[in-house]
1. Of a type outside the set (A, V, I, L, M) and touching a Pro at 6+ places or on another chain (Cβ under 7 Å): does that describe N199?
2. Check the stretch 131-142 and report whether any residue there is closer than 21 Å to H6 by Cα, of a type in the set (F, W, Y) and within 15 Å of the ligand (Cβ to nearest atom).
3. Does the stretch 5-21 hold any residues that are among the aliphatic types (A, V, I, L, M) and not in a strand (DSSP E or B), and which are they?
4. Check off (1) in contact (Cβ under 8 Å) with a residue 60 or more places away in the chain; (2) closer than 15 Å to N118 by Cα; (3) among the aliphatic types (A, V, I, L, M) for M149 and give me the number that stays unchecked.
5. Just to be sure, is I91 crowded, with 20+ Cβ neighbours inside 10 Å and within 8 Å of the ligand (Cβ to nearest atom)?
6. When both residues are 6+ apart or on different chains and their Cβ atoms are under 7 Å apart, which pairs have a first residue that lies in the stretch 238-266 and is touching a residue at least 60 places away in the same chain (Cβ under 8 Å) and under 17 Å from G96 (Cβ atoms), and a second that is within 16 Å of the ligand (Cβ to nearest atom) and assigned to a helix (DSSP H, G or I)?
7. Of the numbered conditions (1) assigned to a helix (DSSP H, G or I); (2) away from the ligand (no atom under 14 Å from the Cβ); (3) out of contact with any Leu (no Cβ under 7 Å at 6 or more places or on another chain); (4) more than 21 Å from V17 (Cα to Cα), A67 satisfies every one except a single condition; which is it?
8. Specify which of the listed residues (R287, R241, R273) is exposed (fewer than 13 other Cβ atoms within 10 Å of the Cβ), of a type in the set (D, E, K, R) and closer than 20 Å to M149 by Cα.
Amino acid sequence: MRQVDHIGIVGAGVMGVGIAYQAAVQGYDVRLFDVSDSALEKAIQQIASLVKRQIEKERLTHADGQAALTRIQTVKSLDELASCDFIIEAIVEDIGAKQSLFRKLDAISPENVVLATNTSAKSITEIASAASRPERVIGMHFFNPVHRMKLVEVVRGLQTTDWVVEQTVKLGREMGKETVRIQERPGFATSRISALVGNEAFYMLMEGVGSPEDIDQAVKLGLNYPMGPFELGDLVGWDTRLKVLQYLHETLGEKFRPCPLLVQYVKSGRLGRKTGQGVYRYDEQGRRVKEQQEFSIGR
Ligand SMILES: NC(=O)c1ccc[n+]([C@@H]2O[C@H](COP(=O)([O-])OP(=O)(O)OC[C@H]3O[C@@H](n4cnc5c(N)ncnc54)[C@H](O)[C@@H]3O)[C@@H](O)[C@H]2O)c1
């Protein structure tokens, strides 16, 4: 097994930030790259505020929190990931963008480095086809928020080797997560169910079945889900959710057709917590704003 000390992370959005935090807290040195300088700056602020909150909640000591922060380095060029022992991609959910990135990662990194994608649903085999050594490409699917969610879904593409699966399971566990091993099918074991539930909730909202609050409450208390479908979609980001649904619609058929109201939300920029408004509204600190107004589907 290659000793993993340095983890390279590509993409400093919602997931890249969470994965970087989790890796650093578990003692790994992290190099974080994004095409956007402002995303990198924002990422460092978000990680620092997450460390602060975890210290306040006594889930992290001050010393451990500070040590984690010093382990994260942002880099301005992909080439600076060349010496990493394991690389995790968390960029936009777009097959072309991911393939182009994996072509570059394959070219810059030694051949015993695992190249993992955090894709929510896309084909690992298709992403891997861009690499000259597709057997070292694997799905390592973290969940949002990474520091709280216990699972990593390890997804095997057609050519992924046993060694790569073992290395990824080991890293997932050492990052403090439970792992499941999944054979590649669109949406894996989790996104396939979650996309269906979120989409159905939007159809229910469009039909006027109930307010978002009541639908969320029904699913939480009646079905024992920890979060309602709208709370979860606001956290995931409806743009990401829509991309997953479009892909599942293409590959698995009609039952995944994206709800027109969900599509409208994305067109209007109501993407969820990351834009301050999705199905619900959030203040500057990310706290949900309680609405006084009566329910209507256009809300
Ligand atoms: N949001 C979730 O809850 C969630 C959960 C599990 C998996 N995922 C998956 O994780 C991935 C990232 O999702 P996210 O929600 O963090 O997205 P995001 O939109 O928050 O962040 C994506 C980041 O990638 C950067 N980026 C885009 N192209 C790039 C490139 N070629 N090189 C480097 N950086 C690039 C963008 O500048 C942006 O900062 C997606 O594949 C998504 O499906 C998301």
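Readers should treat all values here as calculations from the given coordinates under stated rules, not as data from a laboratory. Predicted model only: the values in this text are computed from it and were never measured. Here the Cβ positions follow ideal geometry from the backbone for every residue, glycine too, while neighbour counts run over all protein chains shown.
1. yes
2. yes
3. Residues of the stretch 5-21 that are among the aliphatic types (A, V, I, L, M), as a first pass: 7, 9-10, 12, 14-15, 17, 19-20.
Answer for the stretch 5-21, where residues must be among the aliphatic types (A, V, I, L, M) and not in a strand (DSSP E or B): A12, V14, M15, V17, I19, A20.
4. It is condition (1) that M149 fails.
5. On the way: crowded, with 20+ Cβ neighbours inside 10 Å: yes; within 8 Å of the ligand (Cβ to nearest atom): yes.
The answer is yes for I91.
6. If the second residue must be within 16 Å of the ligand (Cβ to nearest atom) and assigned to a helix (DSSP H, G or I), the pairs left are V244/S191; V244/A195.
7. With (1) assigned to a helix (DSSP H, G or I); (2) away from the ligand (no atom under 14 Å from the Cβ); (3) out of contact with any Leu (no Cβ under 7 Å at 6 or more places or on another chain); (4) more than 21 Å from V17 (Cα to Cα) applied to A67, the lone miss is (4).
8. Values: R241 fails: exposed (fewer than 13 other Cβ atoms within 10 Å of the Cβ); R273 fails: exposed (fewer than 13 other Cβ atoms within 10 Å of the Cβ).
Step by step, each of R287, R241, R273 is checked, and only R287 is exposed (fewer than 13 other Cβ atoms within 10 Å of the Cβ), of a type in the set (D, E, K, R) and closer than 20 Å to M149 by Cα.
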